[in-house]
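Colleague: This is the structure I have questions about; it appears just below.
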Amino acid sequence: MIQTINLQKLFATEEVETTALNGISMDVKDGEFVAIMGPSGCGKSTLLNILGLLDNPTDGEYNFYGTAVARMTERQRAQLRKGSIGFVFQSFNLIDELTVYENVELPLLYLKTPADERKQRVEAALERMAIMHRRNHFPQQLSGGQQQRTAIARAVVAKPKLILADEPTGNLDSKNGEEVMKLLGELNDEGTTIIMVTHSPYDAGFAHRIVNLFDGKVVTENFHV
Amino acid sequence: MIRNYLKIAFRTLWKHKTHTGINVVGLAVAFATATLLFLTSWFEWSYDRFHTDVDRIYRVYLQESTGDVTSIMPYPLSPALQAEMADAESVTRMMWSQTEFVGEKHVAKDIRFADPGVFRTFTFPLLAGDPNTALKDLSSIVITEDMARDLFGDQNPIGKPLRTDGLNMGRDFIVTGVLANIPTNSTFRFDALVRPETRVDYQANKAEWGNRNHEVFVRLKPGVDAQTAEKRLRSFTKKYWQSEIAEAKQRGQKPDAQGEYISLRLQPLTDIRFDTKGVMGGGVSRTYVYALALIGLFILLIAGINYVNLSLARSVTRAREVGVRKSLGAQSGQLLGQFWAESLVICLIALLAGVGLAVGLRPYYNQLFGTRLSFDLLTHPITVGCILVAFLFITLLTGGYPAWIMARFEAVTVLKGKVKGPKSGGLRSILIVAQFALASLLIICTLLIGQQLRYLRERPLGFSEEQVISLPLRNRDNLTGARALQQLRDRLRNNPDVVSISGTATNLGSGLDGSTSRSMSGWTYKNREVETDWLRVDFDYLKTLGMSLKAGRDFNPAFSTDTVSAVIITQSMAKQLGEKDPVGVVIQPDTADRKYEIIGVIPDFNLFSLHQKAKPITLHLDSRNEVSYALIRTTPQGMVRTMDALKSLWKEMAPSAPFQASFVNENTNRWYDKEERFSTIFRIAAGLTILLSCMGLFAVALLTIEQRTKEIGVRKVLGASVTSIVALLSKDFLKLVVIAIVIASPLAWYAMNQWLQDFAYKIDIEWWVFGLAGLLAVGIALLTVSVQSIKAALMNPVRSLRSD
Ligand SMILES: Nc1ncnc2c1ncn2[C@@H]1O[C@H](COP(=O)(O)OP(=O)(O)OP(=O)(O)O)[C@@H](O)[C@H]1O
Ligand SMILES: [Mg+2]
């Protein structure tokens, strides 16, 4: 269960000060699938980064599975993040110098998972995302869909409680996008909490609930059944 | 168009101040150092080459078949050569310059004695006066422009009377000529010339072939080569050195390959500057001159590499710019022009700053290396030409290559964000390796030179050189060395600061009189060839130098035969003679007319610098050999007091001779002055190369890491720790540094092994030195890179990831 109270995020550059988030309070229950929507620049990615413990809010409270994290140091956040959150990005963010297999293996290496278990889990994840046959390829040798499936494999391989996806289909055609959404849906059915930013109402249809942001504020929440 | 290029260049450079700064500073430092080093080596090389047809000018020297050489000549030689040497166009004596007090103001000036032939032999142009008559009279004095200004201001000095007062003369002259100032790269430096006949000792010695005190130079006629001239001088030598040759024959001295005992030889004037051990020594080694130029080249190379590396590294980040420009219609050639303009601007700023730096640093540089580098050379057309060519070359190569690489990026791939950098990763690595290899090479050399120097200084010489004063006894007051020594003994007998006094013919170390001498003897003893230093000492030699006897007894005034026929030998001499118990053994060298009895044996000691192997030594008191140095051992507290006492004593005893006493331990240290200077140069060069290499590495690391920020971000999101990222980033650079060390080590070993061949006593090159150098290089590199790595590892991943 994660909960935010009145999150604020200010970006101060030399010339201007931007309020990216302006009082966001929201709850996400375990096993929920939440879509965040809103116009470009309204603060979706910023919110996701804070929820993913990559960044601290300027003000406000954030309760992450029972821990108050809003004022944690980078080090403490990294510790908490490890193994409990998986990320999927619009631009995949695979490491070009590593193969598909190695990319997926990386989180487990950082978790110091034993070698045999590591192998088993990486293969399972690759199998599941249907890119096992590409395991020794490098990211540039893959199509966009395959790259995103690799990224999802990498996000789930450590079996995190929470997956955060920032426009996961943004760089994909509809067929590949559909496939990715199905995979996320399946993961959610198995109990993983998912928070996803998207511009596509179709994709948002996969979620239980849609949070609409405008100018750093939650404007509406729609519930599906 | 070019103006547009330059405008954009300035803007880009300003925007990337760090890189521009690193580039400019690096190149400027390199230009400055290289300028100083190249000018020094050129300056050394240019010595005496300003004389017209310099290849016809020679110094006359005398060579004995024993190998002994000297260029110190007797007064009558020059007139005889003038009369009889048909190959010579002109001949002149050149005496050492001597400081005299000149004119009414009693200004100190260096005066040299030379024959009228000096103006035909050398090129010392006269601004006023006639070279054919300027030194015609004994009352003539020719002075330099500077001296004329000092003494006479704006007045015309010609015909003005001039009085000199000094140790050797008080004489009136008339100025007959004004010389252009002597170039700094001249072996002869002086303020005025007068005839040798004006010297006080001239009349007494003008026909003495045995008294030698000056050098003689000849200009050969065109087309005569030195070898032919030397051959034709043989009969001349036989005529004038008749008695010396007869003596040598009698001694049993073997003639040389041409069958000569004594021969006159010709040494090219341009070799004098580089004469390290030959005729008079005191020169600069050619190796040293080459090493300077090479180091200058190294430093330029490293700075050039830095520049290329930085540009290549940055080219990747500039790929997008190239793509956009190309999509807007720019052609490769135009982009090339733009990038090249940038490097032109950088190099130009660096060059100006570098030359400025060199000018500013020159006084310190001269002080540090004992050079007299002047910047007349800097404005010399050849220098300016060289600098321009080097500059063009550097900008073309270092600026052109990266520009060419960048201009060739393909717009489509670049815009898709797919440029993985040109295939420069390999080249960049090679360049970093080359840089660090040079740096490691210099570190290793610095360490080894330092080690050898320490070894030379600390290796026991076999005598105790602390608290011993050496006083050169040569004088012009008709006081023989033996009598001077006796007077010192009498006068210092009751001085509580003086422990003991002795004398010797061969100074220990390089004293302030700057001269050395050596006497050797060889003969056959019981079918063994023996060769030994034949060293004249005086009573208490062993006591004064803290040496102990291994067998037998010391010289003792109580035995009247000791001053005639007793010798003490070193252990290696005993071994050479093959005598287990040499005390009491009688020897008779071929060179001696009498027999000597061995009365004592002492351990071996080093009479000369550790460049040469110690020979067996035989100590004797034969008064027919002159004692030229007094050795005085003082108490530890009495060193300074004794020095003062000696000074006033010497003034009384020999008022005409300078007081040149010095401490023996300082003198033995002076043996290695040249090595010391070499070591300083290497230390500084090593420091500079490391600094420059690190600046380059720092910048390349900065850029490489910049390019990897996305990867670092991803890794952090996935849970990588700061340490693991720092390790990841530093690893690649360290690998290169290690490769560099592996390449540099054998090169350094070879070079240092060559250098060490100069020494009879030398360190073993040990492996830990290479290890230490490696550790240093790795440590410094790690420090340089880790600053960037840690910064990158600590960076918030959100920042790097949102850039997509
Ligand atoms: N590091 C930063 N520095 C300054 N301003 C920032 C920074 N990051 C985000 N912003 C600003 O914060 C606001 C929200 O940005 P954010 O990336 O969260 O938008 P978004 O909703 O994800 O937009 P999009 O749909 O285009 O991805 C924007 O106005 C953006 O300009
Ligand atoms: Mg966004």
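The values are calculated or read from the model by the stated rules, or taken from the named source; none is laboratory data. In this text, all values refer to a predicted model and were calculated from it rather than measured experimentally. Methodologically, a virtual Cβ is constructed for each residue, glycine included, from the backbone with ideal geometry; neighbour enumeration extends over all protein chains shown. We work out accessible area using only protein heavy atoms, side chains counted, and drop any ligands, DNA or RNA first. Shrake-Rupley method; radii C 1.70, N 1.55, O 1.52, S 1.80 Å.
Colleague: Filter the range B:56-69 down to residues that are of a type in the set (V, I, T) and open to solvent by less than 30 Å² (accessible area, probe 1.4 Å), then give me how many there are. Spell out the reasoning first.
Modeller: Applying the first criterion (of a type in the set (V, I, T)) to the range B:56-69 yields B:57, B:60, B:66, B:69.
Now narrow it down to the ones that are open to solvent by less than 30 Å² (accessible area, probe 1.4 Å): B:57, B:60.
Looking only at that region, the number is 2.
Colleague: Being surrounded by 13 or more Cβ atoms within 10 Å (Cβ to Cβ) and over 18 Å from B:P196 (Cβ atoms) is the filter here; which residues of the range B:128-141 pass it?
Modeller: B:A128, B:G129
Colleague: State whether one or more residues within the range A:163-179 are more than 16 Å from ligand 2 (Cβ to nearest atom) and within 14 Å of another protein chain (Cβ to nearest Cβ).
Modeller: Yes, the range A:163-179 contains a residue that is more than 16 Å from ligand 2 (Cβ to nearest atom) and within 14 Å of another protein chain (Cβ to nearest Cβ).
Colleague: Still on this structure: Take the range A:1-18 and flag every residue that is away from ligand 2 (no atom under 16 Å from the Cβ), among the polar types (S, T, N, Q) and outside any loop (DSSP other than H, G, I, E, B).
Modeller: A:Q3, A:T4, A:N6, A:Q8
Colleague: Please determine whether any residue of the range B:492-502 is open to solvent by 10 Å² or more (accessible area, probe 1.4 Å) and farther than 20 Å from B:G638 by Cα.
Modeller: Looking for residues that are open to solvent by 10 Å² or more (accessible area, probe 1.4 Å) and farther than 20 Å from B:G638 by Cα, one finds none in the range B:492-502, hence no.
Colleague: Turning to a different aspect of this structure: Which members of the range A:161-187 meet the condition of being among the acidic types (D, E), under 30 Å from A:G66 (Cβ atoms) and more than 16 Å from ligand 1 (Cβ to nearest atom)?
Modeller: Taking the range A:161-187 and keeping what is among the acidic types (D, E), we get A:166-167, A:173, A:178-179, A:186.
So of that shortlist, the ones also under 30 Å from A:G66 (Cβ atoms) come out as A:166-167, A:186.
A:E186 - this is the single residue of the range A:161-187 that is among the acidic types (D, E), under 30 Å from A:G66 (Cβ atoms) and more than 16 Å from ligand 1 (Cβ to nearest atom).
Colleague: Return a yes/no flag: does the range A:180-195 have any residue that is touching a residue at least 12 places away in the same chain (Cβ under 8 Å), closer than 28 Å to A:A115 by Cα, in contact with a helix residue (DSSP H, G or I) (Cβ under 9 Å, 6 or more places away or on another chain) and charged (D, E, K, R).
Modeller: The answer is no, given that none of the residues of the range A:180-195 is touching a residue at least 12 places away in the same chain (Cβ under 8 Å), closer than 28 Å to A:A115 by Cα, in contact with a helix residue (DSSP H, G or I) (Cβ under 9 Å, 6 or more places away or on another chain) and charged (D, E, K, R).
Colleague: Here's a check for you: in the range B:158-211, which residue that is buried (at least 20 other Cβ atoms within 10 Å of the Cβ) and among the charged types (D, E, K, R) is farthest from B:Y75 (Cα to Cα)?
Modeller: Ranking the candidates gives B:D191 first.
Colleague: Report whether or not B:I632 is buried (at least 22 other Cβ atoms within 10 Å of the Cβ), away from chain A (no Cβ under 14 Å) and touching a helix residue (DSSP H, G or I) at 6+ places or on another chain (Cβ under 8 Å). Show your work before the answer.
Modeller: Values: buried (at least 22 other Cβ atoms within 10 Å of the Cβ): yes; away from chain A (no Cβ under 14 Å): yes; touching a helix residue (DSSP H, G or I) at 6+ places or on another chain (Cβ under 8 Å): yes.
Yes; evaluated as a whole, the condition is true for this residue.
Colleague: While we're here: Suppose the filter is surrounded by 22 or more Cβ atoms within 10 Å (Cβ to Cβ), within 14 Å of chain A (Cβ to nearest Cβ) and of a type outside the set (F, W, Y); does B:G719 pass it?
Modeller: yes
Colleague: Based on what the data block shows, is A:E97 more than 9 Å from every other protein chain (Cβ to nearest Cβ), open to solvent by 60 Å² or more (accessible area, probe 1.4 Å) and acidic (D, E)? Steps first, please.
Modeller: Working: more than 9 Å from every other protein chain (Cβ to nearest Cβ): no; open to solvent by 60 Å² or more (accessible area, probe 1.4 Å): yes; acidic (D, E): yes.
In short, no.
Yes/no matrix, rows are residues, columns are (1) more than 13 Å from chain A (Cβ to nearest Cβ); (2) in contact (Cβ under 8 Å) with a residue 60 or more places away in the chain:
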{"site": "B:E675", "(1), (2)": "yes, yes"}
{"site": "B:I681", "(1), (2)": "yes, yes"}
{"site": "B:G687", "(1), (2)": "yes, no"}
{"site": "B:V700", "(1), (2)": "yes, yes"}
{"site": "B:Q707", "(1), (2)": "no, yes"}
{"site": "B:E711", "(1), (2)": "no, no"}
{"site": "B:V714", "(1), (2)": "no, yes"}
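Colleague: Pairs, please: C-beta under 7 Å, at least 6 apart or cross-chain, first residue on the phi < 0 side of the Ramachandran plot and polar (S, T, N, Q) and in the range A:21-45, second within 16 Å of ligand 2 (Cβ to nearest atom) and open to solvent by less than 60 Å² (accessible area, probe 1.4 Å)?
Modeller: A:N22/A:G216; A:S45/A:D166; A:S45/A:V197
Colleague: So, one more: Would you say B:D562 is over 42 Å from the mean Cα position of the chain (by Cα), among the acidic types (D, E), open to solvent by 40 Å² or more (accessible area, probe 1.4 Å) and assigned by TED's automatic domain parsing to the domain that holds B:V664? So that I can check it myself, show each step before the final result.
Modeller: Working: over 42 Å from the mean Cα position of the chain (by Cα): yes; among the acidic types (D, E): yes; open to solvent by 40 Å² or more (accessible area, probe 1.4 Å): no; assigned by TED's automatic domain parsing to the domain that holds B:V664: yes.
Spelling it out, it is not the case that B:D562 is over 42 Å from the mean Cα position of the chain (by Cα), among the acidic types (D, E), open to solvent by 40 Å² or more (accessible area, probe 1.4 Å) and assigned by TED's automatic domain parsing to the domain that holds B:V664.
Colleague: From the set of residues in the range A:40-52 that are more than 11 Å from ligand 2 (Cβ to nearest atom) and at pLDDT 90 or above, which is nearest to the other protein chains (Cβ to nearest Cβ)? Don't jump to the end; show me each part of the working.
Modeller: Pass one, the range A:40-52, residues more than 11 Å from ligand 2 (Cβ to nearest atom): A:50-52.
With at pLDDT 90 or above added as a condition, the list becomes A:50-51.
Numbers: A:I50: 9, A:L51: 12 Å.
Ranking the qualifying residues of the range A:40-52, first place goes to A:I50.
Colleague: Which residues, counting only those in the range A:127-157, are open to solvent by 20 Å² or more (accessible area, probe 1.4 Å) and either within 12 Å of another protein chain (Cβ to nearest Cβ) or within 16 Å of ligand 1 (Cβ to nearest atom) (or both)?
Modeller: A:F138, A:Q140
Colleague: Among the candidates A:F11, A:F64, which residue alone is over 16 Å from A:T220 (Cα atoms) and either within 15 Å of ligand 1 (Cβ to nearest atom) or within 14 Å of chain B (Cβ to nearest Cβ) (or both)? Talk me through it step by step, then tell me what you get.
Modeller: Working: A:F64 fails: either within 15 Å of ligand 1 (Cβ to nearest atom) or within 14 Å of chain B (Cβ to nearest Cβ) (or both).
Result of the check over A:F11, A:F64: A:F11.
Colleague: Show the residue pairs meeting these rules: Cβ distance below 6 Å; 6+ apart or different chains; first residue within the range A:68-90 and within 16 Å of ligand 2 (Cβ to nearest atom); second residue among the β-branched types (V, I, T).
Modeller: Going by the 6 Å Cβ cut-off, the qualifying pairs are A:F87/B:V717; A:V88/A:I152.
Colleague: Search the range A:26-61 for residues being of a type in the set (V, I, T) and surrounded by 17 or more Cβ atoms within 10 Å (Cβ to Cβ), and hand back the single one that is nearest to ligand 1 (Cβ to nearest atom). First the steps, then the outcome.
Modeller: Just the residues of the range A:26-61 that are of a type in the set (V, I, T), to begin with: A:28, A:34, A:36, A:46, A:50, A:58.
From what's left, surrounded by 17 or more Cβ atoms within 10 Å (Cβ to Cβ): A:28, A:34, A:36, A:46, A:50.
On the way: A:V28: 18, A:V34: 15, A:I36: 9, A:T46: 3, A:I50: 10 Å.
My answer is A:T46.
Colleague: For B:A751, only one of the following conditions fails: (1) open to solvent by 10 Å² or more (accessible area, probe 1.4 Å); (2) within 14 Å of chain A (Cβ to nearest Cβ); (3) of a type in the set (A, V, I, L, M). What is its number?
Modeller: All conditions are met except number (2).
Colleague: Let me ask another. Return the residue satisfying two criteria in turn: it lies in the range A:180-200 and is surrounded by 22 or more Cβ atoms within 10 Å (Cβ to Cβ) and within 16 Å of ligand 2 (Cβ to nearest atom), and of such residues it is nearest to the other protein chains (Cβ to nearest Cβ).
Modeller: A:V197
Colleague: Which members of the range B:470-500 meet the condition of being modelled with pLDDT of 90 or more and within 27 Å of the chain's Cα centre (by Cα)?
Modeller: B:S470, B:L471
Colleague: Just wondering, is there one or more residues in the range B:74-95 that are assigned by TED's automatic domain parsing to the domain that holds B:F188, at pLDDT below 90, in a loop (DSSP other than H, G, I, E, B) and exposed (fewer than 15 other Cβ atoms within 10 Å of the Cβ)?
Modeller: no
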